[in-house]
Amino acid sequence: SFEREFAEHHGAPHALAVTNGTHALELALQCLGVGPGTEVIVPAFTFISSSQAAQRLGAVAVPVDVHPDTYCIDAAAVAAAVTPRTRAIMPVHMAGLIADMDALAKISADTGVPLLQDAAHAHGARWQGKRVGELGSVAAFSFQNGKLMTAGEGGALLFPDTELYEAAFLRHSCGRPRDDRRYLHRTAGSNLRMNEFSAAVLRAQLSRLDQQIALREERWTLLSRLLAAIDGVVPQGGDVRVDRKSHYMAMFRIL
């Protein structure tokens with residue numbers, strides 16, 4: 001029930017609940033063909049899981065610059081870093097501010113390298129009216145105990161198509177399809193399944209997510225103005241195309 005409701009809330013055809021956000025990234029990268037000898041482009045400013053998920057699969061995480069105003073990955077730096085070994089581009093929606101998905105989608109289309117959105121901060125966020133699940137690429141979420149929605153731990157993936165979803169389902173369930181009753185494992189995998197209790201807790205949190213984001217948006221308007229009035233303090237910038245920021249953190253830099 002949680003998977004269905006989370007997918008609907010974010011505009012995606014499919015959602016898969018998993019053990020944590022780091023595993024969500026690893027599983028998605030594996031389904032996108034990442035492995036030894038390949039590269040994954042990640043922002044140089046992010047939580048370590050964005051990089052470690054690639055390294056755990058034997059790939060090289062290639063860090064590129066972020067915008068100093070938004071802290072989101074720089075699309076021009078991404079374009080310059082693509083090589084024949086690149087198998088995925090991983091924008092991180094820092095503090096709930098969605099990265100430049102227009103520019104990144106064009107790079108993906110031009111190069112054939114898929115995007116994997118690290119949306120661990122972006123539950124409920126929108127880009128030009130589109131929710132994370134409507135942006136045409138796989139997205140990974142975290143439900144660790146500091147996140148916008150939490151069950152103490154947990155994660156989820158959104159998929160734009162059935163083929164990727166089914167590939168991920170097999171790998172997160174020890175290689176077994178959902179209708180298997182004879183232990184006929186189809187591929188290598190692991191147990192990355194979310195437990196029922198965590199999913200029940202998350203269903204309740206999903207029901208109040210929109211209300212909480214609206215309150216954060218209201219309070220960020222005041223907080224950012226007060227921060228900006230302090231000499232040497234620069235609050236995180238915005239992007240007019242992000243018409244809903246989820247405000248995982250109130251970020252600023254000190255000059």
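The values are calculated or read from the model by the stated rules, or taken from the named source; none is laboratory data. Keep in mind it's a predicted model, so treat the numbers as computed, not measured. Cβ atoms come from the backbone with ideal geometry, glycine included; neighbour counts cover every protein chain shown. In case anyone asks, the SASA skips ligands and DNA or RNA and just uses the protein heavy atoms, side chains included. Shrake-Rupley method; radii C 1.70, N 1.55, O 1.52, S 1.80 Å.
Could you count how many residues in the stretch 21-49 are over 23 Å from E163 (Cβ atoms), in contact with a strand residue (DSSP E or B) (Cβ under 8 Å, 6 or more places away or on another chain) and surrounded by fewer than 16 Cβ atoms within 10 Å (Cβ to Cβ)?
Residues in the stretch 21-49 being over 23 Å from E163 (Cβ atoms), in contact with a strand residue (DSSP E or B) (Cβ under 8 Å, 6 or more places away or on another chain) and surrounded by fewer than 16 Cβ atoms within 10 Å (Cβ to Cβ): 1 in total.
Sort out which residues of the stretch 132-155 are in contact (Cβ under 8 Å) with a residue 60 or more places away in the chain and either under 19 Å from D243 (Cα atoms) or assigned to a helix (DSSP H, G or I) (or both), and write them in order of number.
Let us first name the residues in the stretch 132-155 that are in contact (Cβ under 8 Å) with a residue 60 or more places away in the chain, namely 132-134, 138-144, 147-149, 153-155.
Answer for the stretch 132-155, where residues must be in contact (Cβ under 8 Å) with a residue 60 or more places away in the chain and either under 19 Å from D243 (Cα atoms) or assigned to a helix (DSSP H, G or I) (or both): V132, G133, E134, A139, L148.
Tally the residues that are open to solvent by less than 80 Å² (accessible area, probe 1.4 Å), among the hydrophobic types (A, V, I, L, M, F, W, C) and more than 21 Å from A119 (Cβ to Cβ), restricting the search to the stretch 203-249.
5
Can we say L170 is over 17 Å from K147 (Cβ atoms), of a type in the set (A, V, I, L, M), open to solvent by 80 Å² or more (accessible area, probe 1.4 Å) and without any contact (Cβ under 8 Å) to a residue 60 or more places away in the chain?
Details: over 17 Å from K147 (Cβ atoms): yes; of a type in the set (A, V, I, L, M): yes; open to solvent by 80 Å² or more (accessible area, probe 1.4 Å): no; without any contact (Cβ under 8 Å) to a residue 60 or more places away in the chain: yes.
Here the answer is no, as L170 does not meet what is asked.
Pick from the stretch 106-124 the residues that are open to solvent by 10 Å² or more (accessible area, probe 1.4 Å) and under 15 Å from the mean Cα position of the chain (by Cα): which of them is farthest from G155 (Cα to Cα)?
Ranking the qualifying residues of the stretch 106-124, first place goes to P114.
If you go through the stretch 50-69 one residue at a time, do you hit one that is among the β-branched types (V, I, T) and crowded, with 22+ Cβ neighbours inside 10 Å? Before the answer, list the steps.
First, the residues of the stretch 50-69 that are among the β-branched types (V, I, T): 60, 62, 64, 66.
Filter once more, so that each one left must be crowded, with 22+ Cβ neighbours inside 10 Å: none.
No, the stretch 50-69 has no match at all.
Please give the number of the condition A200 fails out of (1) assigned to a loop (DSSP other than H, G, I, E, B); (2) open to solvent by 40 Å² or more (accessible area, probe 1.4 Å).
So A200 meets the others, but not (1).
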